[in-house]
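Student: I'd like to ask you about the structure that follows.
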Amino acid sequence: MTNKTPDFVHLHVHTQYSLLDGAIRIDDLLNRAKEFDMNSVAITDHGTMFGAVDFYEKANKAGIKPIIGCECYIAPRSLKDKTPQDAKGLSHLVLLAENQEGYKNLCKLVSVAQLEGFYYKPRIDMEILSKLSKGLIALSACLHGKIPELIVKDSIDKADETARMYLEIFGENNFFLEVQNNGIDIQEKVNRELLKMSKRLSIGLVASNDCHYLNKEDVRAHEVLLCIQTGKTVHDSDRMKFSTDQLYFKSKEEMYASFENYPGALNNTVDIAKRCNLEFDFETYHFPKFDLKANRTEADVFEEKAQEGFQRIIRRIKSKNPEADEKVYKDRLEHEISEIKKMGFSGYFLIVADFIQYAKENNVPVGPGRGSAAGSLVAYSLGITDLDPLEYGLIFERFLNSARKSMPDIDVDFCINGREEIFKYVVGRYGGGDYVAQIITYGKLKPRAVIRDVGRALDIPLREVDVIAKMVPDVLNISLDNALKQEPKLAKMAKEKPEVADLISICRVLEGLPRHASTHAAGVVIADKPLVEYLPLYKGKKGEVVTQFDMKAVEKIGLVKFDFLGLRNLTVIADTLSLIARQGKEPPDLEDLDLSDQDTYRLLASGDTTGVFQLESSGMKDLLVRLKPERFDDVIALVALYRPGPMESGMIDDYVARKHGRKKVEYIVDELEPILKETYGVIVYQEQVMKIAGVLANYSMAEADDLRKAMGKKILSIMAKHRARFMGGALENSIPSA
């Protein structure tokens, strides 16, 4: 060997997405690969592809070539056979996507395994494997692979037969025999026979290490992780346990020291990595198709419906405010229609309007709209929202901005009892279960939870574990390291008690790992093709079809996400209106409420708001009593102010003092008064930030939205660029710099 160790690529790696089995975080994996001077690495999680997009994106940013794979479970007979014999006879097979066709086939295989073949584990069989083998490279896997299992039983002829079968399915140079040096005695026998088989059948060897944790010293934490998965403790004699401490991410030097006498086993990993050239498309949107009549485009139908809806809402607007300038509204509508068509989002608006209309026609209460979508006059015209954006100074570019093309995000609140009905309608309307699915989410081992889980696995008395867990400050997104800094008692206990130090040490390795997969409360995805053309699917606990990619990953690959939020408050309102009607009284019209009713404001000012949406927390009640709202604008402001930033900065105290005349309302420059007068000179809303940028520094609203976003997300590099832009624009308007 030369001074520089030749390349090697790990092709069998279990990350955090092998739930409660893999303990390798994606970021740590890539850092270690760079540290080891490895230019490529694969992930092959058990039966799933949960981490594919996350891994792909981070690997590319790190300058490391990502290889997407999966370690699949093969049923001993067929997918239809589900007996105890079939559960025990599972074997493993590692599959790697060589190209786009291989990725699609892997998505389909993994989806079939979850939706059709699941029996204790997600399973595929030889029949489906034969149909979906193109574009895939297969490895014979660990000791649980079919060929190694037959070798262990001395069934060499049957092992040869199985190898030939895999070779026939995948084709020449697409199936490899996997050798490992994992410290397990029987592996030596398997390796010797695989070497002979390689020569006998002319099938290449591949060296791997079946990595389950990053560092050798993480083996105990991994044992605990397996105990958490199986509900066992480290003292249970029958617990699931690997009989080795070698399943860590080894260096090239370690791998070469183990496999120098296995011709091609190391070089083949590099050759396979070079062949695997999968690219995700993060640029193209895959919009679901809105059912159109012949010779009509989505853009034409969208504009027609928006204009029709506008005629309805302008009558309502003018009935409330006869002085409303219809031309201003028409100009705003034309601008929005033009932007939406230019961005290609016509179909999206038609679909949202369609299922909201269905809900209203079928007496499923729908919320009036929330978030930035309330800034769209088109959304109001189509019945998506029930709010006039011009009346409240809302800006369309905060919702959609052609300068930074991203999917519109319209959250829709439904009565909690009717959400499922709307989802079923969408499934039936837009292609069925192949085209529509809910979205996955992952529960994580957060500090308190990981302490309890690890403590249980270590067999520490529950009472003691509970005391330790409760020492972790109840603060959002706190880490164990920060908890030790903030809570001296916890740090002292970890220092003085070896068993607590051991607990904390293991928790640090496992903290933040995904614990389980579940169904997102709101997310729904609708595609233009069967979803398995884009991603793998999963079966939720209630049998529902769920994407294997989370919400962010679904959006990144261009699929269209909709949020169906089940809101209990809408159910309460619907029940209340029903009770009023049953008493023979006239229920109020929720679209035409008197927003100046002083009895309502006196009730709010008293803090008696239990059951009132967004106004029922103790902190909000305290703010209501202090602020004493007298108009609807006050209610809007206090909801906006009740956030960590304004609360920590003293903005709330400033606002309350100015409202009640205890502090003078001041403006840095006179130009700010028209923008900030309604909020007593305090910048409360993001729209105000955008308007200030426009008035003081000649920003377009598209530019101002970029500034707003950078400030909201604290993106310092973008804010620095805007500082120069803002100061230059302000100078043009003779605004003093100090």
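The values are calculated or read from the model by the stated rules, or taken from the named source; none is laboratory data. Since the model is a prediction, treat every value here as computed from it, not as a measurement. When we count neighbours, we look across all protein chains shown, and the Cβ atoms used for this are built from the backbone with ideal geometry, even at glycine. Note: accessible area is taken over every heavy atom of the protein model, side chains too, but ligands, DNA and RNA are not part of it. Shrake-Rupley method; radii C 1.70, N 1.55, O 1.52, S 1.80 Å.
Student: Considering only residues that are closer than 30 Å to Leu510 by Cα and either part of a helix (DSSP H, G or I) or small (Gly, Ala, Ser) (or both), which ones fall in the range 178-217?
Tutor: Gly183, Asp185, Ile186, Gln187, Ala207, Ser208, Lys216, Glu217
Residues checked against (1) within 24 Å of Leu177 (Cβ to Cβ); (2) over 27 Å from the mean Cα position of the chain (by Cα); (3) exposed (fewer than 15 other Cβ atoms within 10 Å of the Cβ):
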residue: Gly89; (1), (2), (3): yes, yes, no
residue: Leu95; (1), (2), (3): yes, no, no
residue: Asn99; (1), (2), (3): yes, no, no
residue: Cys107; (1), (2), (3): no, no, no
residue: Tyr120; (1), (2), (3): no, no, yes
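Student: A further question on this structure: Restricting to the range 632-646, count the residues that are in contact with a helix residue (DSSP H, G or I) (Cβ under 6 Å, 6 or more places away or on another chain) and open to solvent by 80 Å² or more (accessible area, probe 1.4 Å).
Tutor: 0
Student: Right, another one. Out of the range 219-266, which residues are within 20 Å of Val454 (Cβ to Cβ), touching a strand residue (DSSP E or B) at 6+ places or on another chain (Cβ under 7 Å) and open to solvent by 20 Å² or more (accessible area, probe 1.4 Å)?
Tutor: Val219, Tyr248
Student: Out of (1) in contact with a strand residue (DSSP E or B) (Cβ under 6 Å, 6 or more places away or on another chain); (2) modelled with pLDDT under 95; (3) small (Gly, Ala, Ser), the odd one out for Ala52 is which?
Tutor: So Ala52 meets the others, but not (2).
Student: Of a type in the set (Gly, Ala, Ser), touching a strand residue (DSSP E or B) at 6+ places or on another chain (Cβ under 9 Å) and open to solvent by 10 Å² or more (accessible area, probe 1.4 Å): which single residue out of Gly367, Gly371 fits that description? Working first, answer last.
Tutor: Numbers: Gly367 fails: open to solvent by 10 Å² or more (accessible area, probe 1.4 Å).
Selected residue: Gly371, the only one of Gly367, Gly371 that is of a type in the set (Gly, Ala, Ser), touching a strand residue (DSSP E or B) at 6+ places or on another chain (Cβ under 9 Å) and open to solvent by 10 Å² or more (accessible area, probe 1.4 Å).
Student: If the requirement is being among the hydrophobic types (A, V, I, L, M, F, W, C), surrounded by 15 or more Cβ atoms within 10 Å (Cβ to Cβ) and more than 23 Å from Lys360 (Cα to Cα), which of these qualifies: Ile416, Ile410, Ile439? Steps first, answer last, please.
Tutor: Working: Ile416 fails: more than 23 Å from Lys360 (Cα to Cα); Ile410 fails: more than 23 Å from Lys360 (Cα to Cα).
Result of the check over Ile416, Ile410, Ile439: Ile439.
Student: Right, something else. Which numbered condition trips up Asp459, out of (1) at positive phi; (2) open to solvent by less than 30 Å² (accessible area, probe 1.4 Å)?
Tutor: Answer for Asp459: the failing condition is (2).
Student: For the range 374-390, enumerate the residues that are over 23 Å from Asn569 (Cβ atoms) and open to solvent by 30 Å² or more (accessible area, probe 1.4 Å).
Tutor: Of everything in the range 374-390, just one residue is over 23 Å from Asn569 (Cβ atoms) and open to solvent by 30 Å² or more (accessible area, probe 1.4 Å), namely Leu390.
Student: I need a count of the residues in the range 329-364 that are touching a residue at least 24 places away in the same chain (Cβ under 8 Å) and open to solvent by less than 70 Å² (accessible area, probe 1.4 Å).
Tutor: 25
Student: Same structure again: Report whether or not Pro629 is open to solvent by less than 20 Å² (accessible area, probe 1.4 Å) and modelled with pLDDT under 90.
Tutor: no
Student: Tell me, yes or no, whether the range 248-255 has at least one residue that is in contact (Cβ under 8 Å) with a residue 40 or more places away in the chain, more than 30 Å from Asn215 (Cα to Cα) and of a type outside the set (Ser, Thr, Tyr).
Tutor: Checked against the condition, which is being in contact (Cβ under 8 Å) with a residue 40 or more places away in the chain, more than 30 Å from Asn215 (Cα to Cα) and of a type outside the set (Ser, Thr, Tyr), the range 248-255 yields no hits at all.
Student: Further question on the same structure: Collect the residues in the range 687-738 that are under 17 Å from Arg398 (Cα atoms), surrounded by fewer than 12 Cβ atoms within 10 Å (Cβ to Cβ) and among the basic types (Lys, Arg), keeping them in residue-number order.
Tutor: Lys713, Lys714
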